[in-house]
1. For the chain, find the longest principal axis of its Cα atoms and tell me its angle to the long axis of helix 388-400, 0 to 90°, nearest 10.
2. For the stretch 149-201 and the stretch 32-55, what is the separation of their C-alpha centers, rounded to whole Å?
3. Once you wrap a convex hull around the alpha carbon atoms of the stretch 313-436, what is its projected area averaged over all directions, in nm²?
4. Hull surface divided by four, with the convex hull built on the Cα atoms of the stretch 10-127: how many nm²?
5. What is the Cα convex hull volume of the stretch 22-228 when expressed per residue in Å³?
6. Assuming R0 = 56 Å, what is the FRET efficiency of residue 402 and residue 148, from their Cβ-Cβ distance, to the nearest 0.05?
7. Normalised by the number of residues in the chain, what is the relative contact order in percent for Cα pairs under 8 Å and 6+ residues apart?
8. Given the C-alpha centroids of the stretch 349-418 and the stretch 110-142, what is the distance between them in whole angstrom?
Ligand code: EPZ
């Protein structure tokens with residue numbers, strides 16, 4: 001298995017371009033099932049999860065044609081299969097997003113239950129409750145969920161929790177249903193909006209995406225379209241932290257600031273400087289004297305430049321994204337002072353704490369919260385990636401640690417970051433991938 005070696009580097013400098021959003025790509029690829037004919041998706045990120053989703057669609061009869069590194073044509077004319085197998089679903093929970101479009105397109109779906117993953121049990125009860133409200137008959141057997149629907153009928157649905165996946169599955173199931181569907185308590189993530197924009201371009205009638213009340217008026221059919229995926233806000237946030245933790249000065253191209261307000265605000269609260277101009281999104285930290293000297297904040301100036309500790313509580317959008325929690329924890333672990341980081345979305349998303357502590361961080365978990373006491377510097381150690389965003393946090397910590405950190409199980413990283421080490425090297429980082 002591959003490993004990554006990252007050496008505590010000089011301040012990052014230069015510019016980097018953000019790839020397409022993984023979490024917008026996955027539902028949109030599934031949504032192509034709702035129309036018959038060639039759908040073209042551009043700005044597609046080259047990720048393991050995208051390859052897995054393309055494999056799932058291939059088993060459903062979709063003809064896939066890659067047009068260059070970040071474009072694909074999906075011909076869904078002959079989509080007549082309806083089973084997503086365990087071998088694929090177990091590697092990527094987002095495979096359950098084929099359920100809504102399959103029900104809408106052919107009236108049945110047989111999908112392996114996703115099972116848990118490193119960050120939690122990840123049930124799909126909210127998906128199934130809403131699909132049942134739309135008229136689907138649901139049976140669970142042998143680890144599969146079997147759904148059939150003679151014809152879905154629009155209705156009112158209330159989500160007990162603003163689940164991103166449930167919102168996306170229900171939108172996709174409702175676009176070809178008879179009549180009007182209201183999803184109350186819907187997720188407001190930018191990726192939900194991108195899915196709605198994709199479907200509306202094909203002739204769907206969806207309003208309210210991005211709010212907690214989404215209305216879908218069923219139509220007879222959708223047309224295949226060409227669509228460009230939005231930039232990946234979590235990749236952008238990860239690079240913002242990379243600039244801050246190395247006291248660097250970088251320009252990130254392709255950031256949509258509105259998709260990342262909570263992260264930008266929190267980093268500014270910590271003392272990270274940001275300027276969103278036509279060149280791109282500049283992120284840097286002022287030298288210690290620049291801030292502390294003037295305002296007598298020496299006692300609060302952090303160790304990563306002039307940063308200050310901040311408290312984080314992850315919440316559904318527009319709250320602070322859970323997918324940025326591990327990355328902020330890495331930054332706080334080298335920021336003088338104490339930060340409280342609360343994970344309110346997933347039940348087990350602190351797997352990176354033990355690994356960061358192996359590098360000399362001082363983090364103590366108390367239930368949903370982690371108390372982080374910033375240390376002067378981390379020290380390199382062999383560490384293990386446990387899930388996608390935890391892997392990113394370990395790379396960030398390695399960039400700020402003394403010595404060379406070896407990160408194993410980086411297949412987790414490849415699920416959601418396109419050519420991360422290449423992009424970081426382009427900013428001056430000392431990082432390489434080795435085959436073990
Ligand atoms: C999406 O996962 C993202 N994945 C996740 O990103 C992200 O962390 C998450 O939304 C929250 O923002 C994709 O979009 C492919 P949820 P999803 O349904 O849809 C509970 C990454 O790193 N829940 O909003 O699976 C669930 O257990 C990944 O890119 C139910 O209880 O997230 C969790 O505690 C990780 N029942 C919470 O809701 C359900 O039926 C949020 O889950 C569904 C969810």
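1. 20 degrees
2. 20 Å
3. 7.6 nm²
4. Convex hull of Cα atoms, orientation-averaged projection: 9.2 nm².
5. Taking the convex hull of the Cα positions in the stretch 22-228, it is 100 Å³ per residue.
6. With a Förster radius of 56 Å, E is 0.40.
7. Relative contact order of the chain: 20 percent.
8. Taking the Cα centre of each part, the stretch 349-418 and the stretch 110-142 sit 32 Å apart.
Rule-based calculations on the coordinates, nothing more; no lab input. Since this is a predicted model, take the numbers as computed values, not measurements. We place every Cβ from the backbone using ideal geometry, glycine too, and count neighbours over all the protein chains shown.
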